[in-house]
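Here the structure comes first, spelled out in structure tokens, and everything after it is commentary.
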Amino acid sequence: MTCALNYFLPTATLAEIGDKLSGYDPQALSADAVLAFLEKMVPPLNGKEDVAIFQALDRVLAHDVISPISVPPHDNSAMDGYAFNFQSLPRGQTLQVTGTAFAGKAWPGHLLQGQCVKIMTGAIMPEGSDTVIPQELVHIEGDTVHIAAGIVQSGDNRRLCGEDLKAGQSALPSGTRLGPAACGLLASLGIQQVSVKPRLRVAYFSTGNEILSLGQAPREGAVYDSNRYTVHGMLTRMGCEVIDMGVVCDEPTLLEAAFRQAAMQSDVIITSGGVSVGEADFTKAMMKKLGDVAFWRIAMRPGRPMAVGRIPQGERSCVLFGLPGNPVAVMVTFLAFVRPTLERMMGMHRQPLPLLKARSQEVLRKKSGRTEYQRGIVSTSPNGELQVITTGNQGSGVLSSMVQANGLIVLHHEQETTQIGEWVDVMMFDGHL
Ligand code: AMP
Ligand code: MG
């Protein structure tokens, strides 16, 4: 049965969550404190639906899968060759071929002393045999197979029944993101459909009077909207259902209508722009009016201002991320905060991405007290070590730096200036960008 109900009912207000976190200061939050807050604020969503395996790619498994069968179901040959019993190999190292075992068509007899069976890869091991010698290692004369001494060990080239998975064994835990390997594994178990978590519905729009939609004529002081495209791409790669709501001007009635429509259709709303201090726009005021929203200044670069909150919608609540406007800041705050939060909502169990260590090829100036994410190009040095160089201009509007980079150099909160040759942490883009 299909049941695609995403449900999220808040238990504590944002102020209450903040009170419980030690040292919570919305005006100076560390990146770690942001993650800790979001973990308390946003629970996984309810609901699940049944899908066929071809439709399960990139979905999140909603139940544990126990293997109903053993894979492989029989002992079988890993090579094309000759199956025989190792213990009863005659002194003369010769065997008589007595039949052929094909994949899907077993040899029905029982091997006697001095006999072997010609066997194909994947064929069931004949009764009485325990070893396969590959055909290219033997010398054949008529029906006689000569095996040179010492070239084969007992049990060679025999795949054991259940060596991949045994019947009754845990195959995949709930919360697994079903990649190509997991889909193949489910199929290998004969499983035709699985229950998966509902896809997360994410609505997004860009704000700002200076933001042009594609197709509009350029005008002085205006820039084309890139944020919708980067956000759309990152959400799509995550397997979300995306709801594009265009560009919304700094006009209270338009903003209100956009937020209300987004809340009706989605589990999460992502906006960009209009959350920095001194903004002469209505985005912040509208967020405040419609929901329980915190406006943060995060000790990070790029991406200092950010709003998070909830907009009530009937009995449920919609999570809101008000990202900064600068194109690089949008992508960095998405990777650092939005992605892990959405993964939690999707019920996905994933270890945080491991950071790589690479030697910095340049001096990276920094003061302690904020986290910096610099766009980096990781490569292998002539002596085989990982090394990283920045893309140059680290301005938060320089989107080309995100294209050139293959990862973000993470300079942690307490870290100070890095010298050439020192190790730094890098968050690789990992197919998401
Ligand atoms: P804001 O956060 O609204 O102050 O915007 C910061 C900077 O980002 C400004 O230079 C904006 O023009 C730019 N910006 C805001 N939204 C977008 C967008 N959707 N696409 C490209 N640039 C943007
Ligand atoms: Mg703006």
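The values are calculated or read from the model by the stated rules, or taken from the named source; none is laboratory data. The structure displayed is predicted, hence computed values, not measured ones. Every residue, glycine among them, receives a Cβ derived from its backbone with ideal geometry; neighbour counts consider all protein chains shown. Note: areas computed on protein heavy atoms with side chains; ligands, DNA, RNA excluded. Shrake-Rupley method; radii C 1.70, N 1.55, O 1.52, S 1.80 Å.
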Residue in segment 69-86 that is open to solvent by less than 60 Å² (accessible area, probe 1.4 Å) and at pLDDT below 95 present: no
R316, sole failed condition from (1) modelled with pLDDT of 95 or more; (2) away from ligand 1 (no atom under 16 Å from the Cβ); (3) open to solvent by 20 Å² or more (accessible area, probe 1.4 Å): (1)
Hits in segment 287-313 - residues which are crowded, with 24+ Cβ neighbours inside 10 Å and over 24 Å from D25 (Cβ atoms): none
Residues (crowded, with 19+ Cβ neighbours inside 10 Å and assigned to a helix (DSSP H, G or I)) located in segment 232-245: M234, L235
Count - residues of segment 353-376 that are open to solvent by less than 60 Å² (accessible area, probe 1.4 Å) and modelled with pLDDT of 95 or more: 14
Tabulated pairs, segment 45-57, first modelled with pLDDT of 95 or more, second surrounded by fewer than 16 Cβ atoms within 10 Å (Cβ to Cβ), C-beta under 6 angstrom, 6+ apart or interchain: E49/T2; E49/A4; D50/T2; D50/Q193; A52/Q193; I53/A187
Entirely in segment 144-231, the strands (runs of 3 or more DSSP E) that have 2 or more residues that are touching an Asp or Glu at 6+ places or on another chain (Cβ under 6 Å): 193-196, 201-207
When residues of segment 177-218 are limited to those that are within 16 Å of ligand 2 (Cβ to nearest atom) and not small (G, A, S), the one nearest to R339 (Cα to Cα): Y204
Among (1) open to solvent by 50 Å² or more (accessible area, probe 1.4 Å); (2) within 16 Å of ligand 1 (Cβ to nearest atom); (3) among the aliphatic types (A, V, I, L, M) - the single one M402 does not satisfy: (1)
